[in-house]
Amino acid sequence: MRLSRFAALSSSLLLAAGAALFGAGQAAAAQADFGYVALGDSYSSGVGAGNYDSGSGNCKRTTRAYPALWAAAHSPRTFSFTACSGARTGDVLASQLAPLNSGTDLVSITIGGNDAGFSDVMTTCVLQSESTCVSRVHQAKAYVDSTLPGQLDQVYNAIDSRSPGAHVVVLGYPRFYKLNGTCTTGLTEGERAAINGAADHLNAAIAKRAANHGFTFASVAGAFTGHEICSGNAWLHSVNWLNIGESYHPTAAGQSGGYLPVFTNAA
């Protein structure tokens, strides 16, 4: 696992400040220079958190997303936010990597859910029978086993090639449902369990590929425990028929209370 570049730079800043006390310090601010690039899909752009930047168009980036919240708190020298709603691995390769360079110190990314068919799985489970739902979940898991690893490798290789010294944090996805929770309608418990199992399966595959590239995998499953749909204090939208795109995405509280502290600890 790569040492956190942000942690190393913070240590350098402290050392420079200490040296200054003894009259030997240089300008400490230069030691704190670091660049941060936020890549990925809707879980990184902030779909579901609201207050979208109109300039980001259909990518629906927001200042309430964890990358923007982290940047606001840490004031990186440069911050490039290219995550985009609906992005797949191919979209990252085609349109998100331009800001990466040898001076990039920190990279975050969520990717893989759309490749695995997340949206279609949820649509199938909401609209069709339990058996059809479970069958679609198995299909998605088979894709995760057979095809997704190679797609992730392409993205991770590209990041490493452009920014070989960067500390890369790959964040996972939450489980969506609290089983035996407060929900009395909607999906069956069997469907909810199958969807949770698929999230775990996807996260395990992403974690393995990240580790093989020397990247840091940051699980958000623990942070969202007690805040799943059917928990009574959800940090995830359930089906929203008035804004279907926000369904099954983190709320603003899910970004600030779930993703942000996990990323902060990993960065």
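The values are calculated or read from the model by the stated rules, or taken from the named source; none is laboratory data. All of these numbers come straight from a predicted model, not from anything done at the bench. Counting neighbours? That spans all protein chains shown, and the Cβs are built from the backbone with ideal geometry, glycine included. These area figures cover heavy atoms from the full protein model, side chains too; ligands, DNA and RNA do not enter into them. Shrake-Rupley method; radii C 1.70, N 1.55, O 1.52, S 1.80 Å.
Summary table below
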| quantity | calculated |
| --- | --- |
| Gaussian network model of the chain, Cα within-10 Å springs - most flexible of GLY165, GLY245, GLY57 | GLY57 |
| Charged-residue dipole, Cβ positions (Lys, Arg, Asp, Glu), the chain about Cα centre, Debye nearest 20 | 340 debye |
| Residues GLN139 and THR63, FRET efficiency given R0 of 35 Å [Cβ-Cβ distance, rounded to 0.05] | 0.45 |
| Over the chain: helical MRE at 222 nm, DSSP H runs n ≥ 4 each giving -39500 (n - 2.57), nearest 500 | -13000 deg cm²/dmol |
| Fraction of the pair-distance distribution of the chain above 25 Å, Cα-Cα pairs, percent | 45 percent |
| Cα-only radius of gyration and Dmax that characterise region 93-227, units Å | 16.6, 52 |
| Förster-model FRET efficiency, 30 Å R0, HIS213 and THR182, C-beta, rounded to 0.05 | 0.15 |
| Qualifying lysines (Cα of each under 23 Å from Cα of LYS208; at least 8 residues distant if same chain) | LYS141 |
| Cα→Cβ-extended label distance, 7 Å offset, between TRP241 and ASP200, nm | 3.3 nm |
| Anchor LYS60: aspartates and glutamates whose Cα lies under 17 Å away (excluding residues fewer than 8 positions away in-chain) | ASP41, ASP91, GLU246 |
| Mean separation of Cα contacts under 8 Å (6+ apart) over length of the chain, as relative contact order % | 22 percent |
| Nearest-ten-degree value, helix 130-146 long axis tilted from longest Cα axis of the chain | 40 degrees |
| Point-to-point label distance, SER54-LEU127, nm (Cα→Cβ direction, 7 Å offset) | 3.2 nm |
| With DNA, RNA and ligands ignored, accessible area of ILE244 (1.4 Å probe; Å², nearest 10) | 100 Å² |
| Theoretical FRET efficiency, 1/(1+(r/R0)^6), r = Cβ-Cβ of ASN233 and SER146, R0 51 Å, to 0.05 | 0.85 |
| Nearest-20 debye value, region 83-208 charge dipole, Cβ charges on Lys, Arg, Asp, Glu | 120 debye |
| Span per principal axis, largest first, for the Cα atoms of region 53-106 (Å) | 28, 27, 16 |
| Residues whose placed amide H lies under 5 Å from that of PHE81, excluding near-sequence neighbours | ALA38 |
